[in-house]
Structure formats: structure tokens, C-alpha cells
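Have a look at the structure below, then the notes.
The values are calculated or read from the model by the stated rules, or taken from the named source; none is laboratory data. Please read these numbers as outputs of a predicted model, since none were measured by experiment. With ideal geometry, Cβ positions are generated from the backbone for all residues, glycine too; neighbour counts draw on all protein chains shown.
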Amino acid sequence: MSSPISNNLAGLTRSLSTERSAGESSSANASGTGFSETFEKYLDEVTSLQREASQSVQQLVTGQTDDLAGVMSAMEKSDVAFKTLLAIRSKLLDAYNELRNMPI
């Protein structure tokens, strides 16, 4: 189950990738991986952590496990990763709005 924020982040990543491929030269990407690929990788990682936390909770509720500490740890990892991704998204949007409002 994907959240609206994950969908927004995926859309932002796709638009960044499209803009980069349309207007960026190959010399600007000397490291081999671009921002959009890196961001997409972290987005996938956060999604994976959320999925693992949901499965852990499901297993706890159905009695398949009694490892409460493991479930809490998975939930906390997922929460921290998601909050970090939200902070990055906010900073990206702030930077985009600042660039958009610059006089030409």
C-alpha cells in the first residue's frame, strides 16, 4: 500500500529525471549516478522499510511472532526513514520555489 506522499515523491523523482535528461549534459554527471537515481534508490529503501514494518506488525497481531522488541525496532526504523525523506522533500520544494521565484 503506497501513501500519497510516496506517490508525490515518486512523481517528483520522475519529473526531475525527465528535466535532467532533457537539459543536462553528460559532463555534469561525472560521478555516474544522478540525483534522481539516488533519490529513487532511497525512496525504494523507505518503501521497503515501511513494508517490513507492516509485515512485522501483522505477524505480531496474528501470533506468528512474539518479538515485540523486533517489531518496535522495525517500526522505529521505518518512522525515522520516512521523516528523513519528508524533510528532504520539504527542502527540495523550498529550493524549487526559491529558484522559481528568482527574477530572470
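Annotations for the structure displayed:
- Exactly one residue among Leu68, Leu99, Leu85 is out of contact with any Cys (no Cβ under 7 Å at 6 or more places or on another chain), modelled with pLDDT under 95 and surrounded by 14 or more Cβ atoms within 10 Å (Cβ to Cβ), and that residue is Leu85.
- Qualifying residue in the range 26-34 (condition: at pLDDT 90 or above and surrounded by 14 or more Cβ atoms within 10 Å (Cβ to Cβ)): no
- Condition check for Ala53: closer than 20 Å to Ser36 by Cβ and in contact (Cβ under 8 Å) with a residue 24 or more places away in the chain: no
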